[in-house]
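Peer 1: Dumping the structure here so I can ask a few things about it.
The values are calculated or read from the model by the stated rules, or taken from the named source; none is laboratory data. None of these values were measured; they are calculated from a predicted model. A quick note on method: Cβ atoms are made from the backbone with ideal geometry, for glycine too, and the neighbour counts reach across all protein chains shown.
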Amino acid sequence: MDILGTVPFGDSPCLWKDAMTKVKICGITNLDDALKIADLAPDAMGFVFYKKSPRYIEPLKAYGIIRQLPVDILKVGVFVDPKERDARRTAKLCNLDMLQFHGKESPRFCEKFAERKVIKAFRIRKNVKIEDILKYDTFAYLFDAFVKAKPGGTGKKFNWKLIKKLGDLKRPIFLGGGLNERNVAKAIELIGPEWVDVSSSVEIKPGRKNIEKARRFIQAARSAYVTG
């Protein structure tokens with residue numbers, strides 16, 4: 001099993017169960033928060049490279065933070081409809097482990113980054129069609145709540161059962177959207193995602209983390225197991 005939460009099997013990931021769900025803390029903007037969050041040993045930390053986000057961080061600043069973090073914590077770059085060259089430059093500068101595309105990026109655009117682990121995010125409203133998701137041959141899928149004009153980090157919850165109805169997507173699932181220390185265990189037990197992704201519910205304000213809330217979130221997530 002590798003750190004990303006899959007058991008290699010040919011060219012396709014085989015999802016694992018009976019294991020702790022991994023945790024990604026997203027929206028890191030400063031070194032103080034980053035080091036304190038790192039002490040909690042999340043599985044990944046996310047850096048938002050979308051200028052309209054209140055959690056935006058300049059790539060050079062992110063590089064300065066990432067180089068001081070433990071190597072066993074994965075570093076994820078979050079992008080919203082970026083230019084290809086900008087995403088590549090940032091990924092190389094910051095030595096990112098995974099790229100998360102959270103906008104309207106096409107399947108073809110995502111395929112251009114096949115040399116890296118790509119997470120394609122989908123904002124869920126009332127209906128979600130599996131055929132629309134499977135057009136994206138990416139490493140993993142992330143499901144978040146739909147809020148008009150806000151690509152992510154809204155703290156809004158969506159109907160998790162819509163994801164459960166999709167069945168086995170044959171890829172790791174990142175679940176986001178309104179997760180907090182009170183509901184994350186329930187979400188894991190219902191959906192069985194390989195990862196949970198949190199930002200706003202572990203903050204003092206956008207871009208500044210509440211370390212104690214982050215600690216409780218991680219503990220709650222790791223207390224929940226999937227056995228089916």
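Peer 1: If residue 72 passes every condition in (1) without any contact (Cβ under 8 Å) to a residue 60 or more places away in the chain; (2) surrounded by fewer than 13 Cβ atoms within 10 Å (Cβ to Cβ) but one, which one does it miss?
Peer 2: With respect to (1) without any contact (Cβ under 8 Å) to a residue 60 or more places away in the chain; (2) surrounded by fewer than 13 Cβ atoms within 10 Å (Cβ to Cβ), residue 72 is out only on (1).
Peer 1: In the stretch 75-114, how many residues are surrounded by fewer than 19 Cβ atoms within 10 Å (Cβ to Cβ) and either under 13 Å from residue 26 (Cβ atoms) or in contact with a Pro (Cβ under 7 Å, 6 or more places away or on another chain) (or both)?
Peer 2: 2
Peer 1: Given 177, 152, which one is closer than 18 Å to residue 101 by Cα, within 16 Å of the chain's Cα centre (by Cα) and modelled with pLDDT under 80?
Peer 2: 152
Peer 1: Given the conditions (1) closer than 19 Å to residue 92 by Cβ; (2) modelled with pLDDT of 95 or more, which single one is not true for residue 116?
Peer 2: Answer for residue 116: the failing condition is (2).
Peer 1: Right, here's the next one. List pairs: first residue in the stretch 195-218 and under 11 Å from residue 37 (Cβ atoms), second residue polar (S, T, N, Q) and part of a loop (DSSP other than H, G, I, E, B) anywhere in the structure, Cβ distance under 7 angstrom, at least six positions apart or on different chains.
Peer 2: 202/210; 217/180
Peer 1: Among all residue pairs at least 6 apart or on different chains, which show Cβ distances below 6 Å where the first residue, located in the stretch 36-61, is more than 18 Å from residue 97 (Cα to Cα) and in contact (Cβ under 8 Å) with a residue 40 or more places away in the chain and the second is part of a loop (DSSP other than H, G, I, E, B) and of a type in the set (S, T, N, Q)?
Peer 2: 55/29
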